[in-house]
Amino acid sequence: MTTNEYDSLLSSPDYEFIDTNPKLGPHIDSLFLGGSKAYGLDTPESDTDIRGFATRTAEDILIGRDFGTVVENNTDTTIYSFDKFVHLLVDANPNIIEFLGLKDDAYIRVGQAGRLLLDNADAFITKRVGATFGGYALAQLNRIENAMTRGGEENDTRCKHMARSLNHAVMSFPKKFEKTFDKVSFNASADFDPVDATEISLLMDVHGDKVPIKEFAAMSAELSQIVREYDKLTNRNKKRDAKHLAKHMSHLIRLYHMGTEILNGEGVITNREVAGDAELLRNIKTGKYMNDDGTVDKSFFEIVEEESASFDEAKKATRLPDKADIARINDIIVNVNATIIRWK
């Protein structure tokens, strides 16, 4: 879109809330595209997702009040406070870190605060990307694998992918249960059932020593929820949901690709035409890896295996810093907020 097209869109009645909301209006610093248009994967039917952030008023800064996030669902618009936006950047939130690597024509407006963030993008790029992009990818995979069918060879594949999802979830346990996790270990696998050796089943090895029951119950509940999501699988509405499912499939591979690029030191490349995988992602999104009955073709999971392995290797080999450059980031926050207070 051109500058004039952006101006025309934002001046339409649908976006009037930006001007009328007292937290936004003149406080908007930066606006940019999100979703398929940011990725260069849009079609004529694609919505225009707008993201952005607004600085706080001098009064809000001085009394420590933060509006957090304004969401307008009718236009798929999400505006964050500057301070929350920075926090999400530090946390390597995949939906927010995209701001650092957009094509020029995807930035609708970039103010003083936005320019400071872009000029200091490297302060936010850390190993944390491995956890956040991996976690978001896992969430997409959990949705996708609900489309796997049961029985025979399909059951073998289903158990294999379920085991991987469970083990991915366990990788987040050290942070969630840091006081307890060293006392217990979990490892899921797809193997012959110890009772019926003719059938592959989903199995879990559990080892522990004096584990607090509350912590153990919380870990077990999280793993059980993943299994329950699979068990909700039915054959109804598969064709109707195929388009939505294909979108999750495309997001999954994109997350692995972007995460791997960042971990390998290539920076944030939001537009996938620039990155070079747009054709693959479009093919996935338009159903190339869907079966006629609306289920996911096995060949897609071969792609997932390959991209997951590349992502995991990048996590192990990355030279990114462990933590964000908080001193430099705090200087940006102070600079922006102090300027607003002086204007007051």
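The values are calculated or read from the model by the stated rules, or taken from the named source; none is laboratory data. What you are looking at is a predicted structure, and each value in this text was computed from that prediction instead of being measured. Cβ coordinates were reconstructed from backbone atoms using ideal geometry, including for glycine residues, and neighbour counts include every protein chain displayed. Accessible surface is based on the protein model in full, side chains and every heavy atom, while ligands, DNA and RNA are left aside. Shrake-Rupley method; radii C 1.70, N 1.55, O 1.52, S 1.80 Å.
Could you check residue 46 against (1) in contact (Cβ under 8 Å) with a residue 60 or more places away in the chain; (2) open to solvent by 20 Å² or more (accessible area, probe 1.4 Å); (3) of a type in the set (S, T, N, Q) and say which number it fails?
Every listed condition holds for residue 46 apart from (1).
Report yes if residue 325 is acidic (Asp, Glu), within 22 Å of residue 138 (Cα to Cα) and surrounded by 15 or more Cβ atoms within 10 Å (Cβ to Cβ), otherwise no. Steps first, answer last, please.
Numbers: acidic (Asp, Glu): yes; within 22 Å of residue 138 (Cα to Cα): no; surrounded by 15 or more Cβ atoms within 10 Å (Cβ to Cβ): yes.
So residue 325 fails the test.
Can you find, within region 50-69, the residue that is farthest from residue 11 (Cα to Cα) among those that are surrounded by 19 or more Cβ atoms within 10 Å (Cβ to Cβ) and of a type in the set (Gly, Ala, Ser)?
Once the filter is applied, the top-ranked residue is 54.
Go through 245, 263 for me and flag whichever is more than 19 Å from residue 296 (Cβ to Cβ) and at pLDDT 85 or above.
Numbers: 245 fails: more than 19 Å from residue 296 (Cβ to Cβ).
Unique residue meeting the criteria: 263.
Restricting attention to region 283-309, which residues are of a type outside the set (Val, Ile, Thr) and part of a helix (DSSP H, G or I)?
Step one: filter region 283-309 for residues of a type outside the set (Val, Ile, Thr), giving 283, 285, 287-294, 297-302, 305-309.
Within region 283-309, 283, 285, 298, 299, 300, 301, 302, 305, 306, 307, 308, 309 meet the criteria.
Please verify whether residue 50 is assigned to a strand (DSSP E or B) and of a type in the set (A, V, I, L, M, F, W, C), treating the condition exactly as stated. It would help to see each step written out before you state the result.
Numbers: assigned to a strand (DSSP E or B): yes; of a type in the set (A, V, I, L, M, F, W, C): yes.
In short, yes.
Could you run through region 107-123 and say how many residues are more than 21 Å from residue 79 (Cβ to Cβ) and either free of Cβ contacts under 8 Å to residues at least 12 places away in the same chain or loosely packed, with under 15 Cβ neighbours inside 10 Å (or both)?
2
If I ask for residues that are charged (D, E, K, R) and open to solvent by 60 Å² or more (accessible area, probe 1.4 Å), which ones from region 299-317 would you list?
Going through region 299-317, the residues charged (D, E, K, R) turn out to be 302, 305-307, 312-313, 315-316.
Passing the criteria: 302, 305, 306, 313, 315, 316.
For region 309-324, check the following and say yes or no: at least one residue is over 20 Å from the mean Cα position of the chain (by Cα) and farther than 16 Å from residue 260 by Cβ.
Within region 309-324 (the criterion being over 20 Å from the mean Cα position of the chain (by Cα) and farther than 16 Å from residue 260 by Cβ), the answer is yes, since at least one residue qualifies.
Kindly indicate the residue of region 124-135 that is assigned to a helix (DSSP H, G or I) and either more than 12 Å from the chain's Cα centre (by Cα) or of a type in the set (Phe, Trp, Tyr) (or both) and also surrounded by the fewest Cβ atoms within 10 Å (Cβ to Cβ) among those meeting that condition.
Residues of region 124-135 that are assigned to a helix (DSSP H, G or I), as a first pass: 128-135.
Those left that are additionally either more than 12 Å from the chain's Cα centre (by Cα) or of a type in the set (Phe, Trp, Tyr) (or both): 128, 133.
Numbers: 128: 19, 133: 27.
Only one residue tops the list, namely 128.
Could you list, in sequence order, the residues of region 78-106 that are open to solvent by 40 Å² or more (accessible area, probe 1.4 Å), touching a residue at least 40 places away in the same chain (Cβ under 8 Å) and over 15 Å from the mean Cα position of the chain (by Cα)? Steps first, please.
Taking region 78-106 and keeping what is open to solvent by 40 Å² or more (accessible area, probe 1.4 Å), we get 84, 87, 90-91, 95, 103-105.
Then keep just the ones that are touching a residue at least 40 places away in the same chain (Cβ under 8 Å); that gives 90-91, 95, 103, 105.
Hits for region 78-106 are 103, 105.
Need the failing condition index for residue 138 against (1) more than 21 Å from residue 49 (Cβ to Cβ); (2) open to solvent by 70 Å² or more (accessible area, probe 1.4 Å); (3) out of contact with any Leu (no Cβ under 6 Å at 6 or more places or on another chain), just the number.
Evaluating residue 138 over (1) more than 21 Å from residue 49 (Cβ to Cβ); (2) open to solvent by 70 Å² or more (accessible area, probe 1.4 Å); (3) out of contact with any Leu (no Cβ under 6 Å at 6 or more places or on another chain) leaves (2) as the failure.
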